[in-house]
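The values are calculated or read from the model by the stated rules, or taken from the named source; none is laboratory data. What you are looking at is a predicted structure, and each value in this text was computed from that prediction instead of being measured. Neighbour counts run over all protein chains shown; Cβ positions are idealised from the backbone, glycine included.
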Amino acid sequence: MADNEDMDEMEDMDENSIEVPEGTAIFPEIPDQVGANPLLLSLLHFVVFIAGSDENICNQQAGAAILDQVATYLQRLNAKEVARLKEDLAVLAAFAREEKWGGGTVEVLDTFLDDMGVGDGE
């Protein structure tokens with residue numbers, strides 16, 4: 001267990017002080033003002049990391065197995081929950097376009113539910 005000094009040091013760290021290895025897929029930070037569900041944002045960051053990072057960062061076979069399980073869980077969502085995710089993803093995609101994020105980032109948002117087997121192929 002970390003002592004108080006370690007906890008203070010961890011609190012002082014910010015994302016800019018962490019050196020991220022080359023080949024790591026990182027989804028851009030989404031400000032709170034966008035209003036998207038924080039669980040969805042966490043999931044997007046996780047999926048982008050697993051699916052998009054180089055092999056030396058994340059084993060692709062293991063990542064694919066994990067993503068399959070994540071998709072299975074998402075497929076359990078009811079229609080109301082899926083509709084909410086669609087709304088949040090549409091807001092996020094509009095925000096990404098407004099901020100002129102790369103096409104790949106916008107594509108992740110546009111295809112996320114379909115890629116997870118939840119969308120209706122729109």
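Quick check, is ALA71 modelled with pLDDT of 90 or more and loosely packed, with under 10 Cβ neighbours inside 10 Å?
Considered against the rule, which asks whether it is modelled with pLDDT of 90 or more and loosely packed, with under 10 Cβ neighbours inside 10 Å, ALA71 comes out as no.
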Which number in (1) within 23 Å of GLU22 (Cα to Cα); (2) modelled with pLDDT under 95; (3) exposed (fewer than 15 other Cβ atoms within 10 Å of the Cβ) marks the one condition that GLU99 misses?
-> (1)
The condition from (1) over 20 Å from VAL20 (Cβ atoms); (2) in contact (Cβ under 8 Å) with a residue 60 or more places away in the chain; (3) touching a Phe, Trp or Tyr at 6+ places or on another chain (Cβ under 7 Å) that LEU92 misses is numbered (3)
Pair list, Cβ under 7 Å, 6 or more apart: region 35-52 residue closer than 10 Å to LEU85 by Cβ and of a type in the set (A, V, I, L, M, F, W, C), other residue surrounded by fewer than 16 Cβ atoms within 10 Å (Cβ to Cβ) and at pLDDT 95 or above | ALA36/VAL91
Scan region 13-60 for residues that are surrounded by 13 or more Cβ atoms within 10 Å (Cβ to Cβ), among the hydrophobic types (A, V, I, L, M, F, W, C) and closer than 22 Å to VAL118 by Cα and jot them down.
-> PHE27, ALA36, LEU40, LEU41, LEU43, LEU44, PHE46, VAL47, VAL48, PHE49, ILE50, ALA51
